[in-house]
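A short worksheet on the structure shown next.
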Amino acid sequence: MTVTIDRPTSIRTRDPKELLNAVSPYITELTVNVFDSEMSLWDREVALLLRDHTMVRDMAERILGNAVMYTIGCIEHPEVHLGVGKLVDIGVHQLILDTPVWFGICRLYNGGAYKHHAPFIERRRDGLCLSTADFLKSIGFDVDEELWAIDGTDCSPCDNKVPDSH
């Protein structure tokens, strides 16, 4: 008699901090500006969020982590329409505005192609944030449910029809 033991398959959660810090070798512009503080990219982006927004570090890290998840999800799955709420969008904008880091993200995760940000004026109110959070969970991210629920029905109006946009 043969006995087989089925071992549960463990799914490794994707770490947004690791994903962002992995971008460092792909940053080629303004490297002194980016690396002069000797901070990791994660700590740099958190510090920039804290500089420009009224929030505590824990909230900045939560926002940034979910922004990285969203960004990677958009890059890896351009065929899926994803959207982000106002709160997480603060972190997405932080990544985009730090252009040396954004270009590095595009080099590493988007095959070197620039990932555009093409928002509409009007926000969507169709629950896209909630379905985006569900999608991000399905691709291995541990989303912050509270951040996605806050804006669950008030989503960013980015155009998924613009080539390589989020």
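The values are calculated or read from the model by the stated rules, or taken from the named source; none is laboratory data. Nothing here was measured: the structure is a model prediction, and the numbers come from that model. Using ideal geometry, Cβ is built from the backbone for each residue, glycine included, and neighbour counts are taken over all protein chains shown. Calculation scope for accessible area: heavy atoms of the full protein, side chains included, ligands and nucleic acids excluded. Shrake-Rupley method; radii C 1.70, N 1.55, O 1.52, S 1.80 Å.
List the residue pairs whose Cβ atoms are under 6 Å apart, where the first residue sits in the range 127-153 and is farther than 14 Å from residue 74 by Cβ, the second is in a loop (DSSP other than H, G, I, E, B) and of a type in the set (A, V, I, L, M, F, W, C), and the two are 6 or more positions apart or on different chains.
Listed pairs, sorted by first residue: 137/143.
Restricting attention to the range 15-48, and to residues there that are modelled with pLDDT under 95 and of a type in the set (Val, Ile, Thr), which single residue is least open to solvent (accessible area, probe 1.4 Å)?
34
May I ask you to say which residue of 112, 91, 83, 65 is open to solvent by less than 10 Å² (accessible area, probe 1.4 Å) and in a loop (DSSP other than H, G, I, E, B)? Quick ask: steps written out before the conclusion?
Values: 112 fails: open to solvent by less than 10 Å² (accessible area, probe 1.4 Å); 91 fails: in a loop (DSSP other than H, G, I, E, B); 65 fails: in a loop (DSSP other than H, G, I, E, B).
After applying the criteria, what remains is 83.
Within the range 60-78, work out how many residues are modelled with pLDDT of 95 or more and touching an Asp or Glu at 6+ places or on another chain (Cβ under 8 Å).
Residues meeting the conditions: 5.
Quickly run through the range 115-131 and pick out the residues that are out of contact with any helix residue (DSSP H, G or I) (no Cβ under 7 Å at 6 or more places or on another chain) and either assigned to a loop (DSSP other than H, G, I, E, B) or hydroxyl-bearing (Ser, Thr, Tyr) (or both). Outline the logic, then answer.
First, pick out the residues of the range 115-131 that are out of contact with any helix residue (DSSP H, G or I) (no Cβ under 7 Å at 6 or more places or on another chain): 116, 118-128, 131.
118, 120, 121, 122, 123, 125, 126, 127, 131, listed by residue number.
Among the residues of the range 94-109, write down those that are open to solvent by less than 40 Å² (accessible area, probe 1.4 Å) and either aromatic (Phe, Trp, Tyr) or assigned to a helix (DSSP H, G or I) (or both). Reasoning before the result, please.
Residues of the range 94-109 that are open to solvent by less than 40 Å² (accessible area, probe 1.4 Å), as a first pass: 94-96, 98, 100-102, 104-106.
Hits for the range 94-109 are 94, 95, 96, 100, 101, 102, 104, 105, 106.
Scan 124, 57, 51 and give me the residue that is out of contact with any Asp or Glu (no Cβ under 6 Å at 6 or more places or on another chain), modelled with pLDDT under 95 and either closer than 15 Å to residue 16 by Cβ or open to solvent by 20 Å² or more (accessible area, probe 1.4 Å) (or both). So that I can check it myself, show each step before the final result.
Values: 57 fails: modelled with pLDDT under 95; 51 fails: modelled with pLDDT under 95.
Checking each option against the conditions leaves just 124.
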